[in-house]
Amino acid sequence: MSYFAHETAVIDEGCQIGDGTKIWHFSHVMPNCVLGENCNLGQNVVISPEVVLGNNVKVQNNVSIYTGVTCDDDVFLGPSCVFTNVTNPRSGVNRRGQYAKTHVGKGASIGANATIVCGHDIGKYAFIGAGAVVTKDVPDYALLVGNPARQLGWMSEYGHRLEFNAKGIATCDESKEQYKLADGKVQKIEE
């Protein structure tokens, strides 16, 4: 076995779990999930059937990831954040098989207690603040906060707020990488 699972974790049949992944106390990985290499699932995490997580995804305690969700590499899911998968749930109406899909792009971070309403994609390196309720698609590098979530600015790949000059150029304080804002979109300037 090339991954670690705490003795209280439940891993159902048909799962693919990458090398170096750790699954901690009281977590449940349901059938046919795919977890990449070097992922970390904290305590009391629920991964519903057929969820796909890329490599190096960090899932903090008490997170629920429901069927229809895919996360690319290097995604961070903060404590108690949750995804939904039905837009109009009713206890008396079975909507199994009508799940809306949600995709989380590479390097995105979702803060503690945030809710991601299904059917909306989170762009790469986007940053969703703690407690935010996401009800629409999120652009690459966008910073969203509040309920409903609204865009407050832009973030670097290192997780720092970007301040653009008159030419639409910003520099990350930590990495010194530069970014260009044009037509309402941010791209990293490749050297």
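The values are calculated or read from the model by the stated rules, or taken from the named source; none is laboratory data. Note that the coordinates shown come from a computational prediction; the quantities given were computed from them, not determined experimentally. Positions of Cβ are generated from backbone atoms using ideal geometry, with glycine treated the same way; all protein chains shown enter the neighbour counts.
A count restricted to region 14-29 and to residues that are part of a loop (DSSP other than H, G, I, E, B) and within 13 Å of ASN40 (Cα to Cα) stands at 7. Where residues in region 42-79 are within 20 Å of SER2 (Cα to Cα) and touching a Lys or Arg at 6+ places or on another chain (Cβ under 7 Å), which of them is surrounded by the fewest Cβ atoms within 10 Å (Cβ to Cβ)? Of everything passing the filter in region 42-79, ASP73 is surrounded by the fewest Cβ atoms within 10 Å (Cβ to Cβ). The set of residues in region 45-87 being more than 22 Å from GLY159 (Cα to Cα), without any contact (Cβ under 8 Å) to a residue 24 or more places away in the chain and hydrophobic (A, V, I, L, M, F, W, C) consists of VAL45, VAL46, ILE47, VAL51, VAL52, ILE65.
Out of all the residues in region 1-21, which are under 17 Å from VAL57 (Cβ atoms), surrounded by fewer than 16 Cβ atoms within 10 Å (Cβ to Cβ) and not small (Gly, Ala, Ser)?
First, the residues of region 1-21 that are under 17 Å from VAL57 (Cβ atoms): 2-5, 9, 11, 15-21.
Imposing the further condition that a residue be surrounded by fewer than 16 Cβ atoms within 10 Å (Cβ to Cβ) reduces the set to 2, 4, 16, 19-20.
Listed by number, the residues that qualify are PHE4, GLN16, ASP19.
Out of curiosity, is TYR66 of a type outside the set (Val, Ile, Thr), in the same structural domain as ASP140 (by TED's automatic domain parsing) and closer than 14 Å to VAL46 by Cα? Against the criterion (of a type outside the set (Val, Ile, Thr), in the same structural domain as ASP140 (by TED's automatic domain parsing) and closer than 14 Å to VAL46 by Cα), TYR66 qualifies.
A Cβ distance below 6 Å, combined with a sequence gap of six or more or placement on separate chains, defines the contacts here; from region 88-113, residues that are not assigned by TED's automatic domain parsing to the domain that holds LYS58 reach no residue that is buried (at least 19 other Cβ atoms within 10 Å of the Cβ). The set of residues in region 38-74 that are farther than 18 Å from GLY14 by Cα and of a type in the set (Ser, Thr, Tyr) contains only SER64.
The strands (runs of 3 or more DSSP E) found entirely in region 76-165 that carry 3 or more residues being out of contact with any helix residue (DSSP H, G or I) (no Cβ under 7 Å at 6 or more places or on another chain) and closer than 27 Å to ASN38 by Cα are 102-104.
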